[in-house]
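Structure first, then comments.
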Amino acid sequence: MTIFSRLLLCFVLISFNAFSQKEKPSFQVIPLGIKGGIDEKNLSAYLVAPSGTKDFICLDAGTLNAGIEKAIENKAFKVSASEVLRKYIKGYLISHAHLDHVSGLIINSPADSSKTVYATQKCMEMMENHYFNDQTWVNFGDKGVGFPLKKYHFQTLNLAEETPISNTTMTAEAFPLSHVNPFESTAFLIKNEDNYVLYLGDTGPDSVEKSDKLKNLWTAVAPLIQSKKLKGIFIEVSFPNEQPDQFLFGHLKPNHFITELHVLENLAGKGSLNNFKIIITHLKPPANNIAKIKEQLKSQNDLGLKIIYPEQGKKFNL
């Protein structure tokens, strides 16, 4: 074998090895709704499943049917909307009970199949008392006021406790967030095997909320960033920087978002967030505000974050 042949063989082997060791996706994500605000056909809801499976959990449920139809148009699903709703979605994790995060769940409940709805105690009590109460809406749950039809199992999550998600291989761990203190929202740390993804419901920055909820969350997940087990973070940025702090209403804007991510980097180590995937959620119309938010995040991204803006019905991997 000539020297050239040997070099060529080495190059091929090295290239094949590098390709074979390329990290495979851990999760597949199909956004059913991505916005905050007035567009009732496109409100917060994200389907997440382990790669290669059809076992989806829905993170919040502001929009369901319209998002599923959009996903079918984009060829993310090859079955009917009814089959996705009834068979592919194994359950719901609800961060808080504001209508833009639960209206899809409520409206689609008559057409849905039996499954589990997961939420913290305060969130679950709000849904039981104000929505599934046989007055505002039929009680499709298995507890609460009125006559429970027992289609949904209402499972209360204990904070900082890993809970198996029924009919999947995933677990969820809930952490409190402040969404206009003292009103609570929730972050969910989703685990499958040894891989994680973090989803935050609506949240204000600690500095405005006079809270330590985000600092505590960052402290909990920093080791997962160091070990590269955390594959991405879903986090809201609702307003541009021009929005005064007193009118954030428990949300983030780019300035506070970057400050919070610096806190996380300080805990995880310098450079730990370089090329780390951040999925921006809950962008609020009008369109010129959304454009401002994107431009401000781009100009302030001194951490090297890989910022992803999900599109309704378009699948991506983490």
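Only the coordinates and a few stated rules stand behind these numbers; no lab work does. Predicted model, so just to flag it, every value in this text is computed and none were measured. Cβ placement follows ideal geometry from the backbone for every residue including glycine, while neighbour counts extend to all protein chains displayed.
The Cα atoms of the stretch 91-145 give a gyration tensor whose axes a ≥ b ≥ c have a/c under 1.5, which makes the shape rounded. Our estimate of slack between LYS229 and HIS262, defined as 0.36 nm per intervening residue step minus the Cα-Cα distance, is 10.0 nm. Backbone amide hydrogens, once placed in the peptide plane, bring SER95 within less than 5 Å of ASP60, excluding anything fewer than 5 places away on its chain. Once the Cα atoms are used to define both axes, helix 213-226 deviates from the longest principal axis of the chain by about 30 degrees.
Normalised by the number of residues in the stretch 207-302, the average gap of Cα pairs under 8 Å and 6 or more apart makes the relative contact order 38 percent.
The modelled label-to-label distance between LYS75 and ASP134, using points 7 Å beyond Cα along the C-beta direction, is 5.0 nm.
Once the Cα atoms are used to define both axes, helix 99-108 deviates from the longest principal axis of the chain by about 70 degrees.
Modelled spin labels at VAL145 and ASN317, positioned 7 Å past Cα toward Cβ, are 4.9 nm from each other. Subtracting the Cα-Cα distance of ILE38 and ILE107 from 0.36 nm times their residue separation leaves 23.2 nm of extension gain. In order along the stretch 39-51, the phi-based Karplus estimate (6.51 cos²θ - 1.76 cosθ + 1.60, θ = phi - 60°) of 3J(HN,Hα) comes to 7, 5, 8, 8, 10, 2, 5, 10, 7, 10, 9, x, 4 Hz; Gly and Pro are listed as x. Short-range pairs are left out: with C-alpha atoms under 8 Å and at least six residues apart, the relative contact order of the stretch 48-165 is 21 percent.
Spacing of the modelled spin labels on LYS215 and ASN288, each 7 Å from Cα toward Cβ, amounts to 3.8 nm. Based on alpha-carbon atoms only, what is the radius of gyration of the chain relative to the globular estimate 2.2 N^0.38 Å? Cα Rg divided by the expected 2.2 N^0.38 Å: 1.05. In order along the stretch 265-273, the Karplus-derived 3J(HN,Hα) couplings, from 6.51 cos²θ - 1.76 cosθ + 1.60 at θ = phi - 60°, round to 5, 4, 7, 8, x, 4, x, 5, 9 Hz, and Gly and Pro are given as x. With a Förster radius of 35 Å applied to the beta-carbon distance between LEU99 and LYS270, the computed FRET efficiency rounds to 0.25.
For the stretch 24-317, the relative contact order works out to 18 percent when only alpha carbon pairs closer than 8 Å and six or more residues apart are counted. On full extension, the segment bounded by GLU193 and ALA160 gains 10.1 nm, given 0.36 nm per residue less the C-alpha separation.
Taking the number of Cβ atoms within 10 Å of each Cβ as an exposure proxy, the fewest-first ranking of HIS251, HIS130 is HIS130, HIS251. Could you work out how far helix 3-20 tilts from the main Cα principal axis of the chain, as a 0 to 90 degree angle to the nearest 10? Relative to the chain, helix 3-20 is tipped by roughly 10 degrees. Each 10 Å bin, from zero up to the one with the longest distance, holds this percent of the alpha carbon pairs of the stretch 197-318: 13, 48, 34, 6.
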